1. Provide I189, I158 in ascending order of the number of other Cβ atoms located within 10 Å of each residue's Cβ, fewest first.
2. Based on the Cβ-Cβ distance from T249 to A94, what FRET efficiency comes out when R0 is 25 Å, to the nearest 0.05?
3. Would you indicate which of (1) 121; (2) 143; (3) 288 is the value of volume of the Cα convex hull per residue in Å³ derived from the coordinates of this structure?
4. Could you work out the longest stretch of the chain that avoids the chymotrypsin sites (Phe, Trp or Tyr not before Pro) located in DSSP loops with at most 14 other Cβ atoms within 10 Å?
5. Given the rule -39500 (n - 2.57) for each run of at least 4 DSSP H residues, summed and divided by the residues of the chain, what is its mean residue ellipticity at 222 nm, to the nearest 500 deg cm²/dmol?
6. Mind giving me the nanometre distance, one decimal, between the label points for R77 and R128, set 7 Å out from Cα along Cα→Cβ?
7. Just to be sure I understand the model, the point goes 7 Å from the Cα along the line to the Cβ. What's the resulting Q65 to R193 distance in nm?
8. Under the Karplus relation 6.51 cos²θ - 1.76 cosθ + 1.60, θ = phi - 60°, what is the ordered set of whole-Hz ³J(HN,Hα) values for the stretch 21-34, x standing for Gly and Pro?
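Laboratory data are not the source of any read-out in this text; all were calculated from the coordinates shown. All figures in this text were calculated on a predicted structure; none of them were measured in a lab. Because the Cβ atoms are built from the backbone with ideal geometry, glycine has one as well, and the counts that use them run over all protein chains shown.
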Amino acid sequence: MNGPAFLQQHSGVLRTQAGAAFPGSHAVFRGKNLHRDLQQLEWVALYAYGITGRQPTPEQTELLQALWVSTSYPDARLWNNRVAALAATARSSANLGVIAGMAVSEATVYGGNAGLRAMRFLQTTLARVQAGEPLEDIVWAEQAQRRIYGYGRPISSIDERLPVVLPIAERLGYGHGPHLALARRIETILLSRYPNLRMNFAAPHAALMADMGFSLREYQLLRVPAFLAGMGPCVMEAAEKPEGAVFPTSCAGVAYAGPAARPWVRR
């Protein structure tokens, strides 16, 4: 149990395997000298290494980058980019705007939480299928209780990112992993009753992460930069426009249903 004695052991000292900085001397990153031993790593590989403690293979690094590049939409109408752009049009700092946009990127329906729920379902379902349960029974039981994340998409049921990412995964040796194969089988089952429940990006994204051996916590951190490259252009453009010029809304455009206006009585 975590009691006073446990806390006392950690008081005044940081026990860590992540790393440490020694100003004027060097910095340790996962047991290696950051400036001497890790300069050859691409930033994507360094980021993954810091999270997992394992240096990703060149194939994994390329696939991670492809997943991030494919989600870099510089469209200020998108929910998270909108937050970053509105911060810029209010003349907040770039850091605060981007951080706010990153924070709302964990949205449940179409953000980070959708991917996490998709990965959790794929992992638990794969274990159940391998134990002998029929996949169709699992899918319809889940669908009856809650949505299966990673399938279905508003506006268009076709996800334009899949024809780009899946061939890259195939080329890099991850086109037939058990989680991705399961995700495709689930799509086939869902489409038999619901023609619009095609795979969206969350399902193969989560499946590929699982097939690369990443845990749920690792996936949560590895997908943090997924939308980042699309936010910068939105912040720049909003800041270059006159203040308040991004998505202004007139009072006449607000549907108000609260208490009626009250006269001010001068006393």
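1. Details: I189 18, I158 12.
Placing the least packed residue first, the sequence is I158, I189.
2. Details: r = 24 Å, r/R0 = 0.94.
Computed FRET efficiency for T249 and A94: 0.60.
3. (3)
4. Values: sites that count: Y256, W264.
The longest such stretch corresponds to 1-255.
5. That calculation yields -15500 deg cm²/dmol at 222 nm.
6. That separation, rounded to one decimal, is 3.8 nm.
7. 4.3 nm
8. 9, 10, x, x, 10, 6, 10, 9, 10, 6, x, 10, 6, 4
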